[in-house]
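Contents: one structure, followed by commentary.
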Amino acid sequence: MPLASMAPLTFPQSSEAIETIVERIQPSPQSRAIPQDSLTLVNARDKLEQSTRKMFEVILSKIKDLKAKPAQEMEALHNHLAKIKEVMGKVPSRLKEAEDRISNLKYKVETMQWEVTQLKKSERLLEDKLHDLENYNRCSNLRIVGVPEEVEGKKMPDWVDTQLKKAIPELTCSMPSKF
């Protein structure tokens, strides 16, 4: 079959289509029956056939390479996707762990807040007691049971002196006038 009568080449999509193209290029048994006197034409045709066959083998290998390249890329994508799935598979457990830790921390914070509140109440109570003790310590009043308030009048030391002399007659010394 002459090259000029061949259909224009398009890149086939399947290996069956590629084999069909190679079969078209191969000469049929009828076309091989050439008279012996034109040996040079046969040699030229054989050389052309060999070079065409080599060219199509190269084209076929290039097409196979082109088909293999997307397959390699797909395999790389599948590997990458598997890694992503593996990482994403760990996310729920890590999220649960984080939620548990947050829950524990919330409980601890609430406990500490309650303790702080109790400590503040205790501090206020202790401060009040301290103020009472300080005020009690500052008082220099002496309370004598059975003696009504303000009986002594304005001169307390003189009144105490007379009361002690009445209660204890052996005390003859008088108390100093100024305390």
What are the residue pairs meeting all of these: first residue in segment 112-126, first residue at positive phi and surrounded by 10 or more Cβ atoms within 10 Å (Cβ to Cβ), second residue modelled with pLDDT of 95 or more and in a helix (DSSP H, G or I), Cβ atoms under 7 Å, and 6 or more apart or on different chains?
none
Within segment 158-179, which residues are surrounded by 10 or more Cβ atoms within 10 Å (Cβ to Cβ) and at pLDDT below 75?
L171, S174, M175
State yes or no: is E134 within 30 Å of V160 (Cα to Cα) and of a type in the set (D, E)?
yes
Inspect all residues belonging to segment 137-147 and state whether any of them is exposed (fewer than 10 other Cβ atoms within 10 Å of the Cβ), modelled with pLDDT of 70 or more and part of a helix (DSSP H, G or I).
yes
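The values are calculated or read from the model by the stated rules, or taken from the named source; none is laboratory data. Only a predicted model underlies this, so the values are computations on that prediction, with no experimental measurement involved. In this analysis, Cβ positions are derived from the backbone assuming ideal geometry, glycine residues included, and neighbour counts consider all displayed protein chains.
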